[in-house]
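First comes the structure, then the notes that go with it.
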Amino acid sequence: MSDTQFDVNKYIRAQFFPQMWCPGCGHGTVMGALLRAIHDLGLENDDVSVVSGIGCSSRISGYLDFNTAHTMHGRALPTATGIKLANPNLKVIVPFGDGDSTAIGGNHFIHACRRNIDITAIVMNNRIYGMTGGQYSPMSGRGVKASTAPYGVPDESFDLVELAKGAGASFVARTTVYHAKEAQNTIKKAIEHKGFSVVEILSMCPTQFGRKNKAGEAPQMMEWYKDNTVPMGSKKLADNPDLIQRGVFVDDNERLEYCTAYQELVIDKVMKKG
Amino acid sequence: MAKGKSVTHVINRDWCKGCGICVHFCPKQVLELDSDEKAVAARPEDCIGCKLCELRCPDLAIQILIEEGE
Ligand SMILES: Cc1ncc(C[n+]2csc(CCOP(=O)(O)OP(=O)(O)O)c2C)c(N)n1
Ligand code: SF4
Ligand code: SF4
Ligand code: SF4
């Protein structure tokens, strides 16, 4: 744990700032929460690996002064899996978009959950493809306007928490960029957890989602998360079941972690055979 | 600000994009956007040092330094 003052310059590649995200893009708030969590844990930059895919969200890896990889669209988790197996001492963190993680990368996502590999996945969910012009994603939800759904999206969205739970992730949480301190503390717990951790952070894209859905400017979009989310199990849910629950839904330390399993069930056996 | 404490708002004008998040959510209306659409501490004496502006700023452009007095 660290009791020194948080200094953002320790963790970023300042030559790339100001970053490319639009004014009020929630992804920057997620980045701040992640850096504060890393600071709270007292991790050194070399102890951390940040691996992302492709998307506005995935640009995050380029801004951070850790062992970083900016990989292919949807392929952050397989790359991170390789990094973690090669060096299990690294804290491997995968921040990526809702499109990157649940559309093109959805298959990798469920299998990382199933294996329970010790990686922290942070889904920066702005419910749209920001980078490529506002196409809808599997997280947009019915009725949302997108460049590929001018009359509103006809399909139901994933509930990422239920998806991660069902696929076997051993730590599953949800928070929002409005709740920035909660996001920081949740990421901290997720990094500390040994096993596959999924933290869905409801982020916001004022440029694509905001404009198409008349959701207002960045402060109004952030305010929406204040008004439409509640801590899990809140009494308010009885009156309004449409509210989105925040909290840590799964925190299971009993399940066998994949690097440990691979060591015991494969490497040790190979070594014994000689 | 609480007795014996002083607070400094360090705002990086090169990084601030004028999104207005810090201004909108400041519980004490300390912050404003100036004519260049950059955040400034217009009423620093009202600041309670809650750091909500710093935590939510997407551009890592605002830092609250709190110094304990004598
Ligand atoms: C293989 C491949 N297919 C499609 C693309 C185009 N593409 C780039 S980013 C993106 C979606 C990004 O959406 P998301 O992951 O939600 O991130 P956001 O930009 O919203 O943060 C797509 C479809 C690509 N780069 N590579
Ligand atoms: S397009 Fe959307 S997701 Fe991309 S930087 Fe702009 S606000 Fe953020
Ligand atoms: S939140 Fe940050 S970027 Fe937005 S106006 Fe305030 S200081 Fe500027
Ligand atoms: S620390 Fe709190 S009171 Fe002070 S300017 Fe920031 S949000 Fe306002």
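The values are calculated or read from the model by the stated rules, or taken from the named source; none is laboratory data. All values reported here derive from a predicted model rather than from experimental measurement. Reconstructed Cβ throughout: ideal geometry from the backbone, glycine too, with neighbour counts over all protein chains shown. Areas reflect the complete protein model, heavy atoms only, side chains present, ligands, DNA and RNA absent. Shrake-Rupley method; radii C 1.70, N 1.55, O 1.52, S 1.80 Å.
Roughly speaking, what is the stretch gain from A:Phe6 to A:Leu43, that is 0.36 nm per residue apart minus the C-alpha to C-alpha distance, in nm to one decimal?
Result: 12.1 nm gained on full extension.
Calculate what fraction, in whole %, of the accessible area of the stretch A:199-262 sits on carbon and sulfur atoms when a 1.4 Å probe is rolled over the protein chains.
C and S atoms contribute 49 percent here.
Exposed loop GluC sites (Glu not before Pro) only (DSSP loop, at most 12 other Cβ atoms within 10 Å): please give the longest stretch of chain A free of them, not including the sites.
A:45-155
Quick one: grab the alpha carbon gyration tensor of the stretch A:172-240, order the square roots of its eigenvalues as a ≥ b ≥ c, and give me rounded if a/c is under 1.5, else prolate or oblate depending on whether a/b is larger than b/c.
oblate
Between B:Arg43 and A:Asp227, what is the label-to-label distance in nm when each label sits 7 Å out along the Cα-to-Cβ direction?
Taking the two extended label points, one gets 2.4 nm.
Could you check how much of the accessible area of the stretch B:5-68 is carbon and sulfur, as a whole percent, using a 1.4 Å probe?
That share works out to 48 percent.
How long is chain B along each principal axis, judged by its Cα atoms, biggest number first, in Å?
36, 19, 18
Pop out a list of residues from the stretch A:176-201 that are at least 30 Å² less accessible with all the protein chains around than in their chain alone; 1.4 Å probe, no ligands or nucleic acids counted.
At a threshold of 30 Å² (probe 1.4 Å), the residues of the stretch A:176-201 that become less exposed are A:Tyr178, A:Ala180.
Which loop trypsin sites (Lys or Arg not before Pro) in the stretch A:197-241, with loop taken from DSSP, have no more than 12 other Cβ atoms within 10 angstrom of their Cβ?
Sparse-neighbourhood loop trypsin sites (Lys or Arg not before Pro): A:Lys214, A:Lys235.
Per residue, how much accessible area does the protein assembly as shown have with a 1.4 Å probe, in Å²?
46 Å²
Residue separation times 0.36 nm, minus the C-alpha to C-alpha distance between A:Lys214 and A:Asp239: what's the value?
That pair, A:Lys214 and A:Asp239, stretches by 6.4 nm at full extension.
In nm, to one decimal, how far is the A:Asn253 label point from the A:Met72 one, both placed 7 Å along Cα→Cβ?
3.9 nm
Which order do A:Lys269, A:Lys145 take when ranked by solvent-accessible area (1.4 Å probe, heavy atoms of all protein chains), largest first?
Sorted descending by solvent-accessible area, the residues read A:Lys269, A:Lys145.
Rank these residues by their accessible area, most exposed first, probe 1.4 Å: B:Asp14, A:Asp98, A:Asp47.
So, going from the largest accessible area down, we get B:Asp14, A:Asp47, A:Asp98.
So how exposed is B:His24, as accessible area in Å² (1.4 Å probe, rounded to 10)?
Accessible area of B:His24: about 80 Å².
What is the Å³ per residue value for the convex hull set by the Cα atoms of the stretch A:209-270?
Looking at the stretch A:209-270, the number lands at 166 Å³ per residue.
If the limit is 31 Å between Cα atoms, which of A:Lys91/A:Lys235; A:Lys84/A:Lys214; A:Lys165/B:Lys51; A:Lys188/A:Lys226; A:Lys84/A:Lys273; A:Lys91/A:Lys145 go over it?
A:Lys91/A:Lys235; A:Lys84/A:Lys214; A:Lys165/B:Lys51; A:Lys91/A:Lys145
Spin-label point model (7 Å from Cα, Cβ direction): what's the A:Phe16 to B:Glu68 distance in nm?
So the two model labels end up 3.8 nm from each other.
So who's got an amide H within less than 5 Å of the one on B:Trp15, skipping anything under 5 residues away but keeping other chains? H placed 1.01 Å off N, in plane.
none
Please identify the cysteines of chain B that lack any partner cysteine with a Cβ under 4.7 Å from their own Cβ.
So, B:Cys16, B:Cys19, B:Cys26, B:Cys47, B:Cys50, B:Cys57.
For the stretch A:8-273, what are Rg and Dmax over the alpha carbons, in angstrom?
18.1, 64
Would you rank A:Ser49, A:Ser157 by solvent-accessible area, highest first, keeping every protein chain in place and using a 1.4 Å probe?
Reading off the accessible areas and sorting them downward yields A:Ser157, A:Ser49.
For chain A, what is the calculated [θ] at 222 nm in deg cm²/dmol (nearest 500), taking -39500 (n - 2.57) for each run of four or more DSSP H residues and dividing by its residue count?
My calculation for chain A gives -9000 deg cm²/dmol from helical runs alone.
Please report the equivalent ellipsoid semi-axes of the stretch A:111-208, computed as sqrt(5 x eigenvalue) of the Cα gyration tensor, largest first, in whole Å.
Over the Cα atoms of the stretch A:111-208, the semi-axes work out to 27, 16, 10 Å.
Nearest 100 Å² is fine: how much accessible area is buried between B and A, summed over both sides, with a 1.4 Å probe?
Summing both chains' loss of accessible area gives about 1900 Å².
Between rounded, prolate and oblate, where does the stretch A:1-132 land on the alpha carbon gyration tensor, with a ≥ b ≥ c its root eigenvalues, rounded for a/c under 1.5, else prolate if a/b exceeds b/c?
Since a/c reaches 1.5 but b/c is at least a/b, the shape of the stretch A:1-132 is classed as oblate.
Tell me, what is the 1.4 Å probe accessible area of B:Ile48, in Å² to the nearest 10?
Number for this one is 90 Å².
Would you tell me the accessible area of A:Val50, worked out with a 1.4 angstrom probe on the heavy atoms of the protein chains, in Å² to the nearest 10?
Per-residue accessible area (A:Val50): approximately 0 Å².
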